[in-house]
Amino acid sequence: MPHQMPDIASNSSAQTEGNIDWVGMSHIEMPIMLNSADEAPQRVSAKIEAFVNVMVPQAKGIHMSRLFLRLDQLSTQESLSPESLNNVLADFIGSHDDISDQAQLSFSFDYHLRRSSLLSKKQGWKAYPVIIKATAKDSKIVTELTIDVAYSSTCPCSAALSRQLIQQSFNQSFANDETLNKQEIMAWLGTSEGIIATPHSQRSIAQIKVVLTQGEQDFTIKQLVDLIEDTMQTPVQAAVKREDEQEFARLNAANLMFCEDAVRKVKHSLNNHDYSDYWVRINHYESLHAHDAVAVAVKGVSGGYRP
């Protein structure tokens, strides 16, 4: 007859008593089938964090294997959706109902979208870092969606200084020409003397965190990406031909922005949608400076995100 194996977590008392806010596991690696609105279900390679609280001061610990095995069930038998996410949180608490009444779960992964180029409409994959985090606490569930969107930002100050240099070069080149010839000027503009300076731009990242509306059937990843890329107007491209590169240069010139401009644009767009709360961090990874330019803004709701 097999011996009964000891269960220290259930049958021993804590050496030092006290409640614990969160205890569980991080960097769990699993493939997850994800449901996202307007897109086919997509398998992602996720890093997962899973936690419950300990509300019994004498409890030795939790059964981490119960959390892991429930996640394995999600990975092999289900798709991740707002509904299944809520069910997993409920099962976390149910499997520890004698010591826990809260649960938290997050999934970090790259989500791939097919994106069309600006003019040629060639398509390519773009990967967007995503975090889905849900917290069951005080009898309600709050689900957050965080997305990083890359774009190009061109400095307005640098553009103005470049224009000044071009004006100076023009004056020097045509100082003695009393009758300006259109064809001659056009030819000059196509030379290195004509465009003697170019504004500096940099790859930039908009980090967006929003609280999702309860009752959503699927995660609205593509919708949020579209909103931010349409707002910035200069999203980093996938496949490009020469006409796309030229259009990208035009869009950069038409959308000059400091990080202050960018964060205000994003705030305006998010305010026009029904997100109950949001947090925005704009990161301009400077090409002129060794440091970066950063702006942070929140919606400003009571009890919501803080900068």
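Rule-based calculations on the coordinates, nothing more; no lab input. Model, not experiment: these values are computed from the prediction. So basically every Cβ, Gly included, is an ideal-geometry build from the backbone, and we count neighbours across all protein chains shown.
Structure notes:
- Helix 221-232 axis, angle to the chain major axis (alpha carbon atoms, nearest 10°): 30 degrees
- Taking Thr154, Thr179 and counting other C-beta atoms within 10 Å, the order from fewest to most: Thr179, Thr154
- Exposure proxy ranking, count of Cβ atoms within 10 Å, fewest first, for Phe92, Phe68: Phe68, Phe92
- Whole-Å distance, taken between Cα centres, linking the range 63-104 and the range 173-244: 44 Å
- For peptides 207-213, 57-63, sequence by mean Cβ density within 10 Å, most packed first: 207-213, 57-63
- Calculated SAXS-style log₁₀ I(q)/I(0) at q = 0.07, 0.08, 0.13, 0.15 Å⁻¹ - the chain, Debye, Cα scatterers: -0.42, -0.51, -1.00, -1.20
- Taking Ser169, Ser26, Ser45 in turn, the Gaussian network model of the chain (Cα-Cα springs below 10 Å) assigns the largest fluctuation to Ser169.
- Evaluated at q = 0.18 Å⁻¹: base-10 log I(q)/I(0), Debye formula over Cα of the range 190-278: -0.92
- Nearest-0.05 FRET efficiency for Glu193 and Val301, computed from C-beta distance (R0 41 Å): 0.15
- Shape call, the range 1-120: gyration tensor on alpha carbons, a/c limit 1.5: prolate
- Kirkwood-based Rg to Rh ratio, the range 252-307, C-alpha trace: 1.04
- Unit charges on C-beta of K, R, D, E only; dipole of the range 31-156, Debye: 620 debye
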